[in-house]
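Input: a single structure, listed below in structure tokens.
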Amino acid sequence: MIVVIDFGSQYNQLIARRVRECRVFCQIEPPGIDIDTIKSLKPDGIILSGGPSSIYEKNSPKVDTAIFDLGIPVLGICYGMQFMVDTLGGTVKKATKREYGFAELNVKKPESLFEKIDQSTTCWMSHGDSISKLPKGFSITASTDNTPVAAAENVKKNLYGLQFHPEVEHTPKGKQMLRNFLFNVCGCKRNWNMKTFAKESIQQIKDAVGDKKVILGLSGGVDSSVTAVLIHQAIGKHLTCIFVDNGLLRLNEAAKLKIMLKQHLKINIRFVNASKLFLDALDGVTDPEKKRKIIGKIFMDVFDAEAKKIKGADFLAQGTLYPDIIESQSAFGGPTSIIKSHHNVGGLPKKMKLKLIEPLKYLFKDEVRILGKTLGMPEELIWRQPFPGPGLGIRIIGEITRKRLTVLRKVDDILIEEIKAHGYYKKLWQSFAVLLPIKSVGVMGDKRTYENIVAIRAVTSKDAMTADWARLPHKLLAKISNRIINEVNGVNRVAYDISSKPPSTIEWE
Ligand code: XMP
């Protein structure tokens, strides 16, 4: 495995991605990690990431410099390289010209990191400091016009540095450089795949849980479903899932989940229908944040009460993914960590004295989907688009009533059916309908109507942080609009949302 030390670069996750794409396991750790922990991970190599700091700033991040004496190959990228050079006796100075963007890299010899790489290749630079003197034992392996020390190495000590970013797409041969580091320098094996991951985590869960019981809050989304299936394969009936129906779900959602997870996969699930509790509490509430608070609070109470009925439960499982972990442990952990904590079933473990199990905590979303497939889960579950915890509650703008929920459910069902039928479901990050609190005039048959408007929202995105409205074909939009107005009583107008995030958000509330 490879350890990546996180010096705060925006590209850290990308480094981890690239290494894993080479089928080598890799873990991101903060610079504060102690040397014994690094040793206990038995890494085949260490990558020091880039970062926004200058090595001369007072609080610039540092990792224990003993890593350079472990005999483990180290690759420093950008700030990581400068940290290495500075530590080992070289000099880093403010560059006369900040270098940002594409640069032509001149490779001295097609060896070690540059094996199978042309003498001249493009690389992506983003730095304000430059190396003016290398430590003893190092030699320059590549340069650009602006940066004489664009790459350097000390082969004897297995230390390598790249001033540019091999992990980004803008360095076309970057992946080959990383491959060279992993396989030629570190001697890694290509053995990280979901089959071995599943086998190992099933064993780990068995060892950790023993004959105790595990509780899992099941939402029906990809993450919690895959977590359920994985734990179920490890401990079978000792897993109990709790699914809370908050009355804000989509058409037949609970029933579909029952068939897929309970009947087909034989997972022990308690379905709690708390619709009345939620809908009564939401009666007359129009403020989006108030809606969220009410829904969140009742969810906790209902889940808590149900979990207490399960005697002898020692563990609470969660479908936390790697990006959440990285963000909350980041060396420069900004407000992201606080935002994320709201999404988990926070508070429960402390109150109930349950130990946490998070078997997906080292996986990215697409890896979770592959894992789901490896575990034999149906496509329909693996490819579900994200659905917010407050559900249709934040897609009915204004007051939530049972009648309006029925209208939106029908609309949503038609929309998803058409999106799927036209092959767009997997291509879109999310596609859904929003029921507006205003009415418009229409004419149906010979009669004037005065009915609801729905907006269709379909976006593409990688991580929900930014999103673009999907350019769906007019033919598909026409079919969706036509079916909704004809088939759903109470709707006489359909609008298509053409705003991106930012400045809009994905949800309307
Ligand atoms: P926005 O609307 O902020 O949404 O662009 C980004 C992503 O988060 C989802 N979302 C939520 N998920 N509880 C959740 O569990 C919420 O309160 C919530 N609000 C938004 C949204 O569906 C999108 O995927």
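The values are calculated or read from the model by the stated rules, or taken from the named source; none is laboratory data. Quick caveat: nothing in here was measured; it's all calculated off a predicted structure. Note: ideal-geometry Cβ built from the backbone for every residue, glycine included; neighbour counts use all protein chains shown. In case anyone asks, the SASA skips ligands and DNA or RNA and just uses the protein heavy atoms, side chains included. Shrake-Rupley method; radii C 1.70, N 1.55, O 1.52, S 1.80 Å.
Yes or no, residue by residue, for (1) in contact with a Leu (Cβ under 7 Å, 6 or more places away or on another chain); (2) among the polar types (S, T, N, Q); (3) buried (at least 22 other Cβ atoms within 10 Å of the Cβ):
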residue	(1), (2), (3)
GLY50	no, no, yes
SER53	no, yes, no
VAL74	yes, no, yes
GLY90	yes, no, no
LEU134	no, no, no
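For MET444, the stated conditions hold: it is more than 16 Å from the ligand (Cβ to nearest atom) and open to solvent by 30 Å² or more (accessible area, probe 1.4 Å).
Residues in the stretch 451-471 that are touching a strand residue (DSSP E or B) at 6+ places or on another chain (Cβ under 6 Å) and either touching a residue at least 40 places away in the same chain (Cβ under 8 Å) or closer than 17 Å to VAL411 by Cα (or both): GLU451, ASN452, ILE453, VAL454, ALA455, ILE456, ARG457, ALA458, VAL459, SER461, ALA470. Scanning the stretch 417-436 for residues that are surrounded by fewer than 16 Cβ atoms within 10 Å (Cβ to Cβ) and either more than 16 Å from the ligand (Cβ to nearest atom) or of a type in the set (Gly, Ala, Ser) (or both) yields GLU417, LYS420, ALA421, HIS422, GLY423. Only strands (runs of 3 or more DSSP E) whose full extent lies in the stretch 52-156 are considered here, and the ones with at least 2 residues that are touching a strand residue (DSSP E or B) at 6+ places or on another chain (Cβ under 8 Å) and of a type in the set (Gly, Ala, Ser) are 91-107, 120-133, 139-143, 151-154.
Taken over the stretch 350-391, the criterion of being over 25 Å from MET194 (Cβ atoms) and either buried (at least 17 other Cβ atoms within 10 Å of the Cβ) or not assigned by TED's automatic domain parsing to the domain that holds ALA313 (or both) is satisfied by LEU354, PRO388, GLY389, PRO390, GLY391. Restricting the stretch 478-509 to residues that are within 12 Å of the ligand (Cβ to nearest atom), free of Cβ contacts under 8 Å to residues at least 40 places away in the same chain and not hydroxyl-bearing (Ser, Thr, Tyr) leaves a set whose member that is surrounded by the fewest Cβ atoms within 10 Å (Cβ to Cβ) is PRO503. Taking first residues from the stretch 392-403 that are charged (D, E, K, R) and open to solvent by 10 Å² or more (accessible area, probe 1.4 Å) and partners that are away from the ligand (no atom under 16 Å from the Cβ) and not in a loop (DSSP other than H, G, I, E, B), the Cβ contacts under 8 Å between residues at least 6 apart in sequence or on separate chains come to GLU399/PRO437; ARG402/LEU279. Can you report the number of residues in the stretch 176-187 which are crowded, with 24+ Cβ neighbours inside 10 Å and over 20 Å from MET125 (Cα atoms)? Adding up the residues that qualify gives 1. Residues considered: LYS157, LYS116, LYS94, LYS173. Of these, the only one that is under 27 Å from CYS26 (Cα atoms) and surrounded by fewer than 15 Cβ atoms within 10 Å (Cβ to Cβ) is LYS116. All of LYS475, LYS439 fail the test of being assigned by TED's automatic domain parsing to the domain that holds THR406, among the basic types (Lys, Arg), open to solvent by 80 Å² or more (accessible area, probe 1.4 Å) and closer than 17 Å to ARG395 by Cα, apart from LYS439. Of everything listed in (1) open to solvent by less than 60 Å² (accessible area, probe 1.4 Å); (2) without any contact (Cβ under 8 Å) to a residue 60 or more places away in the chain; (3) among the hydrophobic types (A, V, I, L, M, F, W, C), the single unmet condition for ILE414 is (2). ILE215 meets all of the listed conditions (1) out of contact with any Gly (no Cβ under 9 Å at 6 or more places or on another chain); (2) surrounded by fewer than 19 Cβ atoms within 10 Å (Cβ to Cβ) but one, namely (2).
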